[in-house]
Every structure is written in C-alpha cells, then in structure tokens.
Amino acid sequence: MKVGLFPVMLLASSLAGAQTPDSNWAGTWTLNVANSRLLPPIPKSEAVVIPAPGWSAHAVKYTSTNTAVDDSSFKMSFDGVADGLPHPVMSNGKEIAKSVWHRRSSHHYTATFTYPDGTTVAVAILMAPDGKRYTFQTHVTASTGQTHVTASTGSYNETAVFDKE
C-alpha cells in the first residue's frame, strides 16, 4: 500500500503538537483581586506556580498558595495529566479532592474538582492572547458541608483573574 508523504507529515506534526508544552503557562501567577469576581471570604493573596516547561495534554502541574485576611495560609498542589481521568489534588501531603482535566487548546483548559463531601467545582481556565493574564472561571455546586472553596451551600459562580509576574 502506498502512503503519501503529506498524511504522514500531518500525523507526525499533530502528534508532536500534542506533546509540546504550552510554555506560556510556566511561571508565577498572582491573583488580581480588583479584577476578580469572588464571593467572601476573599483571599488576601494567592500565588500559583506552574513549573517549566508549562502545561500540555501530558502534564498539568501547579502549586497554589492562598493567604486569608487573617494571614492563615493554605497550600495545594496538582501533578497530573489532561487525560479526562481523575487525579489527586494534594494539600500538606493529603489528598483533598480528585480532579479531571482536559486540554481544549494551548490557551484553554477545563477541569472538574470533586471533594469528599460531594462539592464539585467546574473550571474553565482561559489565557489571554498576550500570555500575561488568565481567568479561572468556576461554577461551584456545594454540598451541605464546607471545604476551603465553599463559602456557602448551593451553587454559585466566581471568576478569578491571575496576572503573570
């Protein structure tokens, strides 16, 4: 069977593209409270560190550090892949949730976080075209219990804006 060069090159380039990290994500990102729409309690600060080489369909890794108004802090991390399967979200060496990630494009990821109390957080993460800002849009469906992300029971939406340092 004879196969033309174009289909082989197209397949090779699409496979290479799927494995190439989206390097614009790498770096330290800080919460821009003024441009965010958050429900109380609003954090005093939040920093998200995404290590080089960035995110891809094969690697989604970050560490987030939150500081509350009372100066207490909370740190969580994720080290998984955007494969549509659940992976653990960690805090202080303990699993606090499961997260399922999908890569929609180099500037768009989605995730769903599920907490042990039944709270779910659906997330769309969209990077600005210039790579200097991203929005973290959430839809929270809270159970009767509370986790670090729930301000109350019921459903609500939030948008957090992060700027690259």
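From the set of residues in region 5-39 that are at pLDDT below 85 and outside any helix (DSSP H, G or I), which is surrounded by the fewest Cβ atoms within 10 Å (Cβ to Cβ)?
Thr20
For residues that are among the charged types (D, E, K, R) and within 11 Å of Ala57 (Cβ to Cβ), tally how many sit in region 78-105.
The first filter runs over region 78-105 and keeps only residues among the charged types (D, E, K, R), leaving 79, 83, 94-95, 98, 103-104.
Next cut, within 11 Å of Ala57 (Cβ to Cβ) only: 83, 103-104.
Of the residues in that region, 3 qualify.
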query = Within region 147-165, can you find the residues that are outside any strand (DSSP E or B) and modelled with pLDDT of 50 or more?
reply = Ser152, Thr153, Glu165
message = Quick check on region 66-81. Is at least one of its residues in contact (Cβ under 8 Å) with a residue 60 or more places away in the chain and closer than 18 Å to Met127 by Cβ?
response = no
ask   = Are any residues in region 25-58 under 25 Å from Leu85 (Cβ atoms), touching a residue at least 60 places away in the same chain (Cβ under 8 Å) and in contact with a Ser or Thr (Cβ under 8 Å, 6 or more places away or on another chain), and if so, which ones?
value = Val48
query = Can you name every residue in region 45-60 that is more than 14 Å from Val161 (Cα to Cα) and either more than 15 Å from the chain's Cα centre (by Cα) or surrounded by fewer than 16 Cβ atoms within 10 Å (Cβ to Cβ) (or both)?
reply = Val49, Pro51, Ala52, Pro53, His58
task = Within region 132-146, track down each residue that is in contact with a Lys or Arg (Cβ under 9 Å, 6 or more places away or on another chain) and surrounded by 15 or more Cβ atoms within 10 Å (Cβ to Cβ).
result = Arg133, Tyr134
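The values are calculated or read from the model by the stated rules, or taken from the named source; none is laboratory data. Note that the structure is a prediction, hence the values are computed from the model and not measured. FYI the Cβ positions are ideal-geometry reconstructions off the backbone, even for glycines, and counts take in every protein chain you see.
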